[in-house]
Amino acid sequence: MTAAFDVVTALLELENLEVVYHRVATAIQGVSLRVPPAQIVTLLGTNGAGKTTTLRAVSGFLGADNAQIVGGRVVFQGATVTGRPPHELARRGLVLVPERDKVFETLTVQENLRALVPGGRADADPTRPPVTLEQVFHYFPVLAKRRRQLAGYLSGGERQMLALATALLCRPRVLLVDELSLGLAPLVVESLMTLVARLRDELGLAVLLVEQNAGAALAVANYGYVMEHGRIVYDGPAERLLAHEDVREFYLGVGHRADRKRYTDVKQYQRRRRWF
Amino acid sequence: MPLGGGYFKTTYAGDLALVDTRLRRTALAAALVALLLLPRVASPFVLDLITQTALAAVGALALNLLTGLAGQVSLGHAGFIAAGAFTTGVLVEHRMPSPLLALPAAALVGAVLGVVVGIPALRLKGLYLALGTLALHHVVLYACGEFQNHWGANTGVSIPPPRFGGFVLKGTIAWYYALTAVAGLVLVLSVNLQRSRTGRAWMAIRDREIAAESVGIDVARYKVLAFVWSSALTSLAGALFAYQRAFVSVEAFGFFLAIEYIAMVIIGGLGSALGAVLGAAFVTLLPYGIDTAVAALRVPGGAEYYLFPLKFGAFGLLMAAFLVFEPQGLVGVWRRVRNWVFLWPLRYRPLRPAS
Amino acid sequence: MTQVLATTVVVASLYALLAAGYVLVYRATRVLNLAQGDMMTLGGYFLFFVAAAVPGRPALSIVTAAVLSALAGFAIYRLLMRPMAGHPIFAAVLVTVTLGILLRAAIVLVYTDRIRHPLPLLGLANPPRRLPGGAVVSTFDLATVAAAAGLFIALFAFLRLSPLGIQMRAAGEKALLAAQRGINFQLLFALSWALAGFAGALAGILYANNVRLDPSLGVLGLKAFAVALVGGLDSLGGVIPGALIVAAIEVLSVRYGDPLLADVSPFLCLLAMLLVRPWGLFGTKEELERV
């Protein structure tokens with residue numbers, strides 16, 4: 001499955017990651033995935049599958065989150081970074097665009113774009129091209145129009161753009177995006193996905209895109225993983241996922257049977273354990 | 001015939017009973033007997049300690065109604081005690097020392113004060129409410145100070161022992177019975193309030209006010225009701241305090257008393273009647289504990305001098321320790337012990353983090 | 001009349017120094033440091049400690065006391081407030097109350113509650129000065145006003161001009177998001193506590209030299225808290241008008257009313273503000289929803 005991608009060294013790699021909440025609830029187990037440079041890798045799954053936990057494990061937990069990484073490791077650019085605090089990981093280049101609480105509401109747009117500490121120096125690192133404010137406003141013209149507005153008054157789509165913009169200003173090597181499409185109109189989702197694809201193409205950014213909206217994600221992704229109940233159950237290049245029967249039925253809503261069936265009748269549920 | 005050792009109820013009466021299982025009934029009976037017979041075996045000092053604890057428990061239970069059940073944080077509790085005590089003082093100054101008048105009057109003053117505080121409190125939440133009540137505490141103390149100066153009793157008002165008709169309440173044993181009985185009544189009242197519709201409304205407001213409002217609970221009314229109940233009971237405790245100490249002076253109600261009540265609630269554990277009682281016991285007995293410890297250590301002369309800051313400091317330290325390590329207070333500790341006993345020999349073992 | 005004005009400005013300056021501490025800690029950590037008054041007392045006693053050890057060196061004593069207080073603030077954050085990170089804000093505020101108790105108890109244990117006067121130990125004097133207009137103030141009264149002005153100018157410059165200012169505000173709103181943006185908010189929080197210690201120490205040092213030093217100075221902290229609330233808990237700029245208003249009411253009530261009222265008037269201001277405009281004159285309105 002991953003044959004074509006083995007030769008490319010992954011920028012970010014998760015090996016058998018296991019996260020437990022409150023010391024009793026295992027959220028994810030045995031999660032392994034790889035994000036090569038200049039690629040969009042998508043992580044699909046329904047609510048509660050463990051996608052956000054995976055992203056948080058990569059980008060760092062705070063003590064107050066009551067979460068522990070009890071197994072596996074996170075390898076970034078060859079170095080093990082499991083369990084480091086969030087601000088350190090952000091400065092190294094693992095930048096997260098969170099699912100909620102993604103902007104500082106009592107700060108203006110302009111101040112939001114300044115409320116960050118970018119990793120590395122502008123000139124020092126050739127693999128991390130500096131992203132300037134002008135570039136950001138070029139990608140997100142609507143933000144330029146609303147610079148002096150309090151971020152709390154922005155619409156959902158504008159907030160998402162602001163969050164992406166601030167993440168870019170942190171000079172990420174790998175961008176982790178959690179539920180880009182959540183709560184947004186389809187047109188907006190499409191434009192944001194196109195934008196992410198542009199960032200990959202123009203800036204060479206590697207992206208780990210966690211999404212419930214499989215259709216939108218697979219439209220721009222190179223590779224995909226499917227997560228259920230805290231485990232990865234399937235992975236493959238985006239075209240293969242788009243063609244897979246179960247993915248089509250459960251995540252794309254394209255059923256191949258016209259009639260409704262009972263939960264227990266569905267063959268796929270019964271062979272759920274055999275995803276390979 | 002009770003099924004399942006008493007845990008399965010077959011009648012409404014059984015369901016509503018406060019003390020439902022046989023174990024609990026036996027325990028309660030034993031406790032009552034012990035309390036009744038205690039004066040025969042215990043020294044007056046111990047009885048006095050229990051009396052003080054009982055009085056503190058009344059205040060703590062009242063505070064628990066407001067802060068633990070209804071979620072309305074109040075740091076100004078000591079002000080209500082002062083209000084009740086001073087009502088008694090004022091009546092005594094006007095030559096009306098009868099408790100049959102003073103006690104209801106104190107409760108009434110408390111209730112009115114509760115309305116006065118409760119209505120503006122509707123606008124405030126959480127921290128701001130706490131600060132508002134703290135400020136109010138100072139204002140109430142100021143008013144009491146003015147009373148004290150006005151009546152010319154610069155050091156305080158002396159209160160004669162209460163007469164109920166022909167019966168005069170004085171002496172350690174009599175006060176012991178009286179106050180433990182009152183504490184018991186307030187405890188039952190507290191527990192019943194918790195189970196009642198009012199109590200459920202309060203808990204709903206505490207947990208999610210917006211949701212409570214959306215299911216039709218009149219939030220404003222219940223919040224004010226919580227203040228009224230709490231301050232009426234506390235003022236009552238204040239009046240009893242005045243009678244028991246036989247003296248009322250504004251100095252007794254200052255900063256330290258306010259901290260004591262906060263400590264009772266924190267150390268005991270918020271939200272349960274048991275917590276309030278445990279906290280009251282702990283806070284009342286702690287100074288004596290320190291006294292004993294210091295005496296036992298036989299610290300050389302001049303030690304009495306250090307006693308006050310030592311007690312003060314120990315208070316602070318314990319409060320901080322509970323806040324950081326056991327936010328649920330003594331009730332949390334009790335629950336953990338109880339769960340450990342119930343689960344034994346099974347034990348949930350927490351996972352250890354990697355690296 | 002000018003005397004009333006002069007006294008008001010002096011009292012306001014002292015309150016402003018203390019209120020700055022409240023605002024700094026609240027803006028960054030959303031915690032009300034109700035031990036600020038006792039941190040002021042601590043600063044005063046640090047001064048006494050150094051002055052008693054090396055008498056006659058005012059500059060050294062003052063600077064050392066201020067630095068020690070800043071370090072104390074740092075230590076308080078690290079040891080006491082940081083473990084409370086995941087707990088509800090109210091619990092953290094109660095911890096500051098216990099901190100106040102502990103500080104006071106420790107001071108009394110070491111120094112008893114005798115009134116102390118570090119002034120002679122420093123080799124300084126506090127002569128009265130006559131201002132144009134006829135008002136009379138003491139030298140240290142003037143020093144208090146100067147210190148407050150200096151501190152506020154420095155704080156404004158620091159928070160507006162340096163990137164740390166925005167980072168502090170961001171970390172104060174959403175600590176996790178700030179961390180995800182590379183901001184080391186723990187360091188910023190510790191810094192805000194150190195600054196609060198420093199500001200409190202200034203107030204304590206000046207008051208100890210001007211009036212007296214004893215363990216009960218903490219009550220001034222509660223009055224200054226009213227100032228912070230009136231101005232707006234997260235607004236440094238609001239401290240100045242807040243301090244002037246509260247000080248004016250207090251001074252006027254001493255002059256024309258009952259002296260006992262002076263003690264209570266800040267609390268009445270607090271209550272009035274809470275009822276009319278809980279977020280203060282210049283505070284962020286959004287604050288209220290979060291509480």
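The values are calculated or read from the model by the stated rules, or taken from the named source; none is laboratory data. Please read all numbers here as calculations on a predicted model, not as lab measurements. Neighbour counts run over all protein chains shown; Cβ positions are idealised from the backbone, glycine included.
Number of residues in the stretch B:109-133 that are at the interface with another protein chain (Cβ under 8 Å from one of its Cβ atoms) and assigned to a helix (DSSP H, G or I): the value is 7. Mind checking whether some residue in the stretch A:58-70 is out of contact with any Pro (no Cβ under 9 Å at 6 or more places or on another chain), at pLDDT 90 or above and of a type in the set (Gly, Ala, Ser)? Scanning the stretch A:58-70, I find no residue that is out of contact with any Pro (no Cβ under 9 Å at 6 or more places or on another chain), at pLDDT 90 or above and of a type in the set (Gly, Ala, Ser), so the answer is no. When residues in the stretch B:77-108 are screened for being surrounded by fewer than 24 Cβ atoms within 10 Å (Cβ to Cβ) and either of a type in the set (Val, Ile, Thr) or not in a helix (DSSP H, G or I) (or both), 7 of them pass. Could you say whether any residue in the stretch C:113-133 is surrounded by 14 or more Cβ atoms within 10 Å (Cβ to Cβ) and either free of Cβ contacts under 8 Å to residues at least 40 places away in the same chain or within 14 Å of chain A (Cβ to nearest Cβ) (or both)? No, the stretch C:113-133 contains no residue that is surrounded by 14 or more Cβ atoms within 10 Å (Cβ to Cβ) and either free of Cβ contacts under 8 Å to residues at least 40 places away in the same chain or within 14 Å of chain A (Cβ to nearest Cβ) (or both). If only residues of the stretch C:79-96 that are buried (at least 20 other Cβ atoms within 10 Å of the Cβ) and either under 21 Å from the mean Cα position of the chain (by Cα) or away from chain A (no Cβ under 12 Å) (or both) are counted, the one that is farthest from C:Arg30 (Cα to Cα) is C:Leu80. Taking the stretch A:65-109 as the range and being closer than 21 Å to A:Pro37 by Cβ, assigned to a strand (DSSP E or B) and in contact with a Ser or Thr (Cβ under 7 Å, 6 or more places away or on another chain) as the test, the residues that pass are A:Arg73, A:Val74, A:Leu94, A:Leu96. Only residues that are more than 14 Å from chain C (Cβ to nearest Cβ) and either part of a helix (DSSP H, G or I) or small (Gly, Ala, Ser) (or both) were counted across the stretch A:29-64, and they come to 10. In the stretch A:90-104, of all residues being in contact with an Asp or Glu (Cβ under 6 Å, 6 or more places away or on another chain) and in contact (Cβ under 8 Å) with a residue 60 or more places away in the chain, the one that is farthest from the other protein chains (Cβ to nearest Cβ) corresponds to A:Glu99. When B:Ile259 is tested against (1) farther than 22 Å from B:Ala107 by Cβ; (2) modelled with pLDDT of 85 or more, only condition (2) is not met.
Give me the residue from the stretch A:29-53 that is within 22 Å of A:Leu242 (Cβ to Cβ) and among the β-branched types (Val, Ile, Thr) and, out of that set, modelled with the lowest pLDDT. Out of the qualifying residues, it is A:Thr46. Out of all the residues in the stretch B:134-147, which are more than 7 Å from chain C (Cβ to nearest Cβ), among the aliphatic types (A, V, I, L, M) and either over 14 Å from B:Gly118 (Cα atoms) or not in a helix (DSSP H, G or I) (or both)? Of everything in the stretch B:134-147, those that are more than 7 Å from chain C (Cβ to nearest Cβ), among the aliphatic types (A, V, I, L, M) and either over 14 Å from B:Gly118 (Cα atoms) or not in a helix (DSSP H, G or I) (or both) turn out to be B:Val140, B:Leu141, B:Ala143.
Of the residues in the stretch C:10-19, at least one is more than 30 Å from C:Phe185 (Cβ to Cβ) and in contact with a strand residue (DSSP E or B) (Cβ under 7 Å, 6 or more places away or on another chain).
Applying the criterion of at least 2 residues that are closer than 18 Å to B:Ala60 by Cα and touching a Gly at 6+ places or on another chain (Cβ under 6 Å) to the helices (runs of 4 or more DSSP H) found wholly in the stretch B:241-338 leaves B:255-268, B:273-297. The helices (runs of 4 or more DSSP H) located wholly in the stretch C:221-291 that include 3 or more residues which are touching a residue at least 24 places away in the same chain (Cβ under 8 Å) and crowded, with 18+ Cβ neighbours inside 10 Å occupy C:236-256, C:259-276.
The one condition from (1) surrounded by fewer than 15 Cβ atoms within 10 Å (Cβ to Cβ); (2) modelled with pLDDT of 75 or more that B:Gly271 does not meet is (1).
Every residue, every condition in (1) within 30 Å of B:Gly145 (Cα to Cα); (2) at pLDDT below 90; (3) touching a strand residue (DSSP E or B) at 6+ places or on another chain (Cβ under 9 Å), yes or no:
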{"position": "B:Pro2", "(1), (2), (3)": "no, yes, yes"}
{"position": "B:Asp15", "(1), (2), (3)": "no, yes, no"}
{"position": "B:Thr26", "(1), (2), (3)": "no, yes, no"}
{"position": "B:Pro39", "(1), (2), (3)": "no, yes, no"}
{"position": "B:Ser43", "(1), (2), (3)": "no, yes, no"}
{"position": "B:Gln52", "(1), (2), (3)": "yes, no, no"}
{"position": "B:Ala60", "(1), (2), (3)": "yes, no, no"}
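Of all positions in the stretch A:12-28, at least one carries a residue that is in contact (Cβ under 8 Å) with a residue 60 or more places away in the chain, more than 23 Å from A:Leu195 (Cα to Cα) and either touching a Phe, Trp or Tyr at 6+ places or on another chain (Cβ under 9 Å) or more than 14 Å from every other protein chain (Cβ to nearest Cβ) (or both). Anything in the stretch C:32-53 that is of a type in the set (Val, Ile, Thr) and surrounded by 24 or more Cβ atoms within 10 Å (Cβ to Cβ)? List them, or say none. Result: C:Thr41, single match. When the stretch A:77-89 is filtered for residues that are modelled with pLDDT under 90 and within 10 Å of another protein chain (Cβ to nearest Cβ), only A:Gly83 remains.
The residues of the stretch B:318-332 that are closer than 19 Å to B:Ala281 by Cβ and loosely packed, with under 15 Cβ neighbours inside 10 Å amount to a single one, B:Ala321. Residues in the stretch A:65-75 that are more than 9 Å from every other protein chain (Cβ to nearest Cβ) and in contact with an Asp or Glu (Cβ under 8 Å, 6 or more places away or on another chain): A:Val74, A:Val75.
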